[in-house]
Every structure is written in C-alpha cells, then in structure tokens.
Amino acid sequence: MSNEWVNLHDGIKTTNIILSNDLVKDITDKITLDASNSVRVSDVNSDATSSETYSPGLWKDTCYDDLFNIIDAKVNQDNTLKRYSSWVMKYTNNQKTNVHAHTAFDMVAIYYISAPKGSGVLYFSELNIEIKPSTGLLVVHDAKLRHGVRINTIEGIERYCAVLNYRYI
C-alpha cells in the first residue's frame with residue numbers, strides 16, 4: 001500500500017490501495033451476486049443516482065467489513081474519525097450519480113474496487129475538478145463538497161466502488 005497522499009484541492013486528497021486481483025474478483029463477484037439476489041438493490045431515486053447499489057452498512061450486513069477495514073486503516077491513520085455508514089456500488093452502461101453532498105458527515109472516502117478505462121468520472125461541480133477513476137484509487141474529500149459521477153463512456157463498463165462516510169470524533 002502506498003502511504004503517499006496527493007492533495008488535489010483544500011478538502012480533496014487521493015492515494016492508492018492495491019488489492020490482489022483475487023480479492024478484487026471476490027468482492028466484485030459478491031456485489032454482482034448481491035445486486036441480482038437482493039430486493040434492496042435497484043435503481044436508487046433518480047434524483048440521486050441511477051446506479052445499482054448495495055448498502056450493507058444500513059442493513060447490518062458484515063460481508064464487506066474486510067474491505068471497509070482496509071479503507072479505514074488508510075483514511076483514519078490518526079484515529080480522529082469514526083465511520084458511520086458504508087456501502088458498495090456497481091455502475092454499468094449509462095448510469096451516473098447527480099450532484100449531491102453528504103452534509104450529515106465530515107469526510108467521505110470513495111474507493112475504486114474496479115474501474116476500467118471509460119468509467120464515469122467523479123466531479124466536483126463548484127470547483128471544476130474531475131477525477132478519472134482507476135482501480136485502487138482512494139479519494140477522500142470534505143463531505144460538504146458537492147460532487148457527482150458522470151456516465152460511463154464505454155458501453156458494457158462495470159465500475160465498482162465503496163463509499164464510506166465519517167464524522168470527526
């Protein structure tokens with residue numbers, strides 16, 4: 001794992017967490033299975049997003065805890081944050097997330113489990129900043145920053161990410 005953080009803007013930083021190919025496949029297979037077998041996985045309110053989403057943090061499911069704990073270890077190295085919610089998402093074809101903020105929290109972490117070339121870009125609308133996702137990229141930003149996800153640019157893309165919301169302790 002890289003210990004280097006890159007500051008893109010006040011309140012936005014990135015680094016990488018490299019997982020083994022086997023672990024990435026394991027996680028993405030599990031998300032796909034969850035998406036096909038769970039009533040709770042569907043198109044979310046079109047005002048927010050049109051991605052498939054599965055939110056284990058909301059339903060007390062622990063199947064992604066190993067992944068979330070790896071992300072926590074990187075994001076919360078100084079033990080000043082507490083994770084309050086976490087979930088995984090799968091974006092395909094023309095899916096996107098409209099501009100929004102996580103105003104009930106202090107920090108947001110977005111980890112790209114698998115993000116092939118052409119995956120929808122993360123953008124911060126008021127800052128004119130775009131971040132091209134790539135597998136292993138971790139983006140941490142101030143939760144009050146308004147952001148969204150653009151549509152995948154290549155048909156058939158499957159982009160998987162984990163999102164974690166934190167508050168300062």
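Results, tabulated for the structure shown:
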{"read-out": "Estimated distance in nm for a label pair at residue 104 and residue 77, the labels positioned 7 Å out from Cα along Cα-to-Cβ", "value": "3.0"}
{"read-out": "Solvent exposure ordering (accessible area, 1.4 Å, most first) of 130, 4, 158", "value": "4, 130, 158"}
{"read-out": "Most to least accessible of 83, 159, 150 (protein chains only, probe 1.4 Å)", "value": "150, 83, 159"}
{"read-out": "For segment 73-135, convex hull volume per residue from C-alpha positions, Å³", "value": "123"}
{"read-out": "For segment 60-169: rounded, prolate or oblate by the Cα gyration tensor [a/c cutoff 1.5]", "value": "oblate"}
{"read-out": "Stretchable slack from residue 155 to residue 23, in nm (0.36 nm times residue separation minus alpha-carbon distance)", "value": "45.0 nm"}
{"read-out": "Partner lysines for residue 25 [C-alpha distance under 24 Å; skip if fewer than 8 residues away on the same chain]", "value": "60, 74, 90, 96, 117, 132"}
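The values are calculated or read from the model by the stated rules, or taken from the named source; none is laboratory data. All values reported here derive from a predicted model rather than from experimental measurement. So basically every Cβ, Gly included, is an ideal-geometry build from the backbone, and we count neighbours across all protein chains shown. Keep in mind that these areas ignore ligands, DNA and RNA; they rest on the heavy atoms of the full protein, side chains included. Shrake-Rupley method; radii C 1.70, N 1.55, O 1.52, S 1.80 Å.
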